1. Between Glu332 and Val146, what is the FRET efficiency for a Förster distance of 56 Å, r being their Cβ-Cβ separation, to the nearest 0.05?
2. State whether segment 210-341 is rounded, prolate or oblate according to the following rule on the C-alpha gyration tensor (a ≥ b ≥ c being the square roots of its eigenvalues): a/c under 1.5 gives rounded; otherwise a/b larger than b/c gives prolate, and the remaining case gives oblate.
3. Using 23 Å as the Cα-Cα cut-off, could you pick out the over-long pairs in Lys284/Lys336; Lys284/Lys321; Lys221/Lys242?
4. Output the relative contact order of the chain, whole-number percent, from Cα pairs under 8 angstrom with separation of 6+ residues.
5. Taking the Cα centre as origin and putting +1 on Lys and Arg beta-carbons and -1 on Asp and Glu beta-carbons, what dipole magnitude results for the chain, to the nearest 20 debye?
6. Can you work out the FRET efficiency for the pair Ala171 and Glu12, with r the C-beta to C-beta distance and R0 = 22 Å, to the nearest 0.05?
7. Treat the count of other C-beta atoms within 10 Å as a stand-in for reagent exposure and order Leu325, Leu35 from fewest to most.
8. Taking the Cα centre as origin and putting +1 on Lys and Arg beta-carbons and -1 on Asp and Glu beta-carbons, what dipole magnitude results for segment 123-248, to the nearest 20 debye?
Amino acid sequence: MTERLLLLTPTEADGTLPRLAGETAAAVRGLAQALQAPFDVALWGGKVAPAAAALAQCGAERFFGVEGEDFAAARYASDAAAAEGLARAAGATIIIAPAISRVARILGGVAHRVGRRADNHAASLQVSDGKVQLTRWYYRQRIMVVLEREHRPWFVALESGAAPAWSGEPAQVTVEPVNVTLSEAEKRTRFEGIQQPPADQQTIRPDAELLFVAGAGWTKKQRDGQIHVAEADQLIREFLAKSGASLGGTKSIVDLTGEGGAVLSCMSHMNQVGQTGSTPRHPKGLATCCHGEEPHVVGWRFINERRAVNLDPNCGWAHGKADVLYVADAFEVMRKVNELLS
């Protein structure tokens, strides 16, 4: 079968590419080269010219676009209609999109509209014996599966980390407009605005360079035999505010909320890493006061550079899991770090 690939992605509010779309572009380019197949780019949003210019030299043959005020904000009806129109116009056999929330919630519906298949959470794409295969993880990253499909078109949402982000000099490129008309019913949902907590209260930052993981040791008795939860909370909040890091927590610390123990006010189940929590992919990670349960380490697996602070040099979390282990008191270390950051 002769394949034709398509990079399908929405644009940001200012018309630029989402961060993950750069990685997806590089992955599509590499897959096209392995297959010796052509690929195109399809964009939708309020405006698409800046994103198209950023990808002008990525090797795509054609650029398609759906733009206008009706497509600027995330909305299922308009996003699905735009993605369907672009997929039909391009005529690609494999449509690859970045696994951002705006894509993930429509991909299955769009595939259903064109009568084919979709797969979310692909970790990588490769070619084996002339066939395209994707890998993805199941059971909280414990089982890796390699699969391929005969159905075409095939929609794939690609996760972060599949390839280094594409980078090239912007250039002018011709974008073929695709006409997508929305009915009044499809425009019932209206975008009113964005509400978010102040920067010093925002602890989950998916795009942060550093993931700071706190364990239950922060809430236990320290060297003086006393519990210092208030100080721990203040140290962690100060570090997050000064560094811009994202906060993660082990299952043991987030479960303290339901056990009546002393808890960190900045920590909730939304911050949980591993087991039934998230599997973050930050460039760097720093674990503090964590113990060594394997389910937590699962969520730590895709961090590129992993460091840990713990008084126990044989800590299961750090021993063999961290690239660098600082055998020290986390309270003392974070006090000094905050002082240096000031």
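1. So the FRET efficiency works out to roughly 0.75.
2. rounded
3. Lys221/Lys242
4. 14 percent
5. 600 debye
6. 0.70
7. If I rank by nearby Cβ atoms, fewest first, I get Leu35, Leu325.
8. For segment 123-248, the charge dipole is close to 540 debye.
Every number in this text was worked out from the coordinates using simple rules, so none of it is lab data. Predicted model only: the values in this text are computed from it and were never measured. We place every Cβ from the backbone using ideal geometry, glycine too, and count neighbours over all the protein chains shown.
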